[in-house]
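Student: What follows is a structure written as structure tokens; I'll ask about it next.
The values are calculated or read from the model by the stated rules, or taken from the named source; none is laboratory data. Since this is a predicted model, take the numbers as computed values, not measurements. Cβ placement follows ideal geometry from the backbone for every residue including glycine, while neighbour counts extend to all protein chains displayed.
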Amino acid sequence: MEPSDAPDAAVRRLSAEEFSSLVAHELRNPLNALSGWLHLLGSDPSVRSEPAQRALGGARRALEQQLATIDLLARVLHLRADPHPARSDPIDLGELLIELLEPLRVTGRAGAHEVALERPAAIVPMLAGDPAELRSALQALGAYAMRHGTPGAPLQIGLASEDRAARVRLYIDEGEAGRTSIWHAFGSRPARLPLELLHAELVVEAHGGTLSASGAGRTGDAIDIRFRLPGRTGPAAGGAPLEPSP
């Protein structure tokens, strides 16, 4: 055996977590330097013109967006290599959707979108996984739907239970055909699926779900998420109908 062919014990494959951390670290390094230069410019007491101030503010926002994208990319890389939730906590799907209402309403105010949630009273779909991760993914899906919805159209969130499955539906009026639609984003997967939607889909799949969209760009597109339930659904405490919070 030639010396160059000898196995090297120091060489090994990187784990998914190590690889995603390495990529994120290398991408952040030049941006951290840029952040320092922008801070230095912002601390300069000299008077700037209005265009210069706008340019500095725009550069800061672009930097923050890029750093957030890098963090999202690292999570996507990790989920693609290890498609399991980081935790295995009980998740009450109905309560999780209730927690989504306020952050989605804050997001929806820019487009005058109301957000309403409805589900049958006697159903408590329970999952196992990471509640914060799943909530973040569903929030991203709801925000995406509102960005592509007709201004002023309500976002309707529905929750229904089927035999050993739960279905979450995000529905919004997207207006006339020809717009960039929810359906188009998911119909063009995987090549053109935005990173935020890819991450949401991977999180849903890690929690035993499947994600699809309907509408083909026509009025009333919807995102449908079906979760396989590990056990039977049980009766809700009190049995009162769930109404959208004020």
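Student: Within region 99-147, can you find the residues that are closer than 28 Å to Arg228 by Cβ and in a loop (DSSP other than H, G, I, E, B)? If you could, list the steps in order and put the result at the bottom.
Tutor: Just the residues of region 99-147 that are closer than 28 Å to Arg228 by Cβ, to begin with: 99-101, 103-104, 115-146.
Answer for region 99-147, where residues must be closer than 28 Å to Arg228 by Cβ and in a loop (DSSP other than H, G, I, E, B): Pro120, Ala121, Ala122, Ile123, Pro125, Asp130.
Student: Right, Leu31: modelled with pLDDT of 75 or more, in a helix (DSSP H, G or I) and closer than 24 Å to Glu201 by Cα or not?
Tutor: no
Student: Moving on. Take Leu96 and decide whether it is touching a helix residue (DSSP H, G or I) at 6+ places or on another chain (Cβ under 9 Å), assigned to a strand (DSSP E or B) and over 16 Å from Asp224 (Cβ atoms).
Tutor: No, not satisfied.
Student: Please work out if Ala24 is within 28 Å of Gly129 (Cβ to Cβ), without any contact (Cβ under 8 Å) to a residue 60 or more places away in the chain and either surrounded by fewer than 13 Cβ atoms within 10 Å (Cβ to Cβ) or under 17 Å from the mean Cα position of the chain (by Cα) (or both). Explain how you work it out, then say what you get.
Tutor: Values: within 28 Å of Gly129 (Cβ to Cβ): yes; without any contact (Cβ under 8 Å) to a residue 60 or more places away in the chain: yes; either surrounded by fewer than 13 Cβ atoms within 10 Å (Cβ to Cβ) or under 17 Å from the mean Cα position of the chain (by Cα) (or both): no.
So Ala24 does not fit the description; no.
Student: Could you say whether any residue in region 89-98 is surrounded by fewer than 18 Cβ atoms within 10 Å (Cβ to Cβ) and within 12 Å of Glu133 (Cα to Cα)?
Tutor: There is at least one residue in region 89-98 that is surrounded by fewer than 18 Cβ atoms within 10 Å (Cβ to Cβ) and within 12 Å of Glu133 (Cα to Cα).
Student: Right, something else. Given the criteria at pLDDT 90 or above, in the same structural domain as Glu102 (by TED's automatic domain parsing) and not in a strand (DSSP E or B), does Glu196 qualify?
Tutor: Working: at pLDDT 90 or above: no; in the same structural domain as Glu102 (by TED's automatic domain parsing): yes; not in a strand (DSSP E or B): yes.
In short, no.
Student: For region 29-69, give me each residue that is in contact (Cβ under 8 Å) with a residue 12 or more places away in the chain and under 21 Å from the mean Cα position of the chain (by Cα).
Tutor: Within region 29-69, Leu63, Gln66, Leu67, Thr69 meet the criteria.
Student: Evaluate the following for Gly94: is it touching a residue at least 12 places away in the same chain (Cβ under 8 Å), at positive phi and touching a strand residue (DSSP E or B) at 6+ places or on another chain (Cβ under 7 Å)?
Tutor: no
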